[in-house]
Amino acid sequence: MKRLSSNLYLDLVSGREMVHCRCGAVLGPGDQDPKSLLAVKRADLSKAGPKVNPYGIGAKRFFLREYYCPACRRLIETEVALQEP
């Protein structure tokens with residue numbers, strides 16, 4: 001077993017490396033980007049909390065991207081992303 005993060009790990013299934021969630025769900029092949037195997041939700045940047053951009057500078061230019069396990073809906077990762085033009 002190889003840990004990718006606190007919630008994702010690689011393990012062998014029938015001799016092939018697969019990405020697993022902490023809940024035990026097999027998400028997909030280990031040679032893929034783990035984020036591509038997760039459910040994605042867009043959220044307003046303010047959801048990240050009051051200390052992220054407290055003055056709202058350029059707030060309309062960015063959003064919060066949340067990645068969830070499709071099986072257990074555990075929040076795996078978040079990132080701030082630039083809005084597409």
request  = Looking only at region 1-19, count how many residues are buried (at least 16 other Cβ atoms within 10 Å of the Cβ), touching a residue at least 24 places away in the same chain (Cβ under 8 Å) and hydrophobic (A, V, I, L, M, F, W, C).
outcome  = 1
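Restricting attention to region 1-19, which residues are in a loop (DSSP other than H, G, I, E, B) and under 12 Å from TYR68 (Cα atoms)?
Start the filter on region 1-19 by keeping residues that are in a loop (DSSP other than H, G, I, E, B), which leaves 1, 4-7, 14-15.
If the condition is that a residue be in a loop (DSSP other than H, G, I, E, B) and under 12 Å from TYR68 (Cα atoms), then ASN7 is the only one that fits.
Every number here is computed from the coordinates shown, using simple stated rules; none is lab data. Because the structure is a prediction, the values reported are computed rather than measured. Don't worry about glycine lacking a Cβ; one is built from the backbone with ideal geometry, like all the others, and counts go over all protein chains shown.
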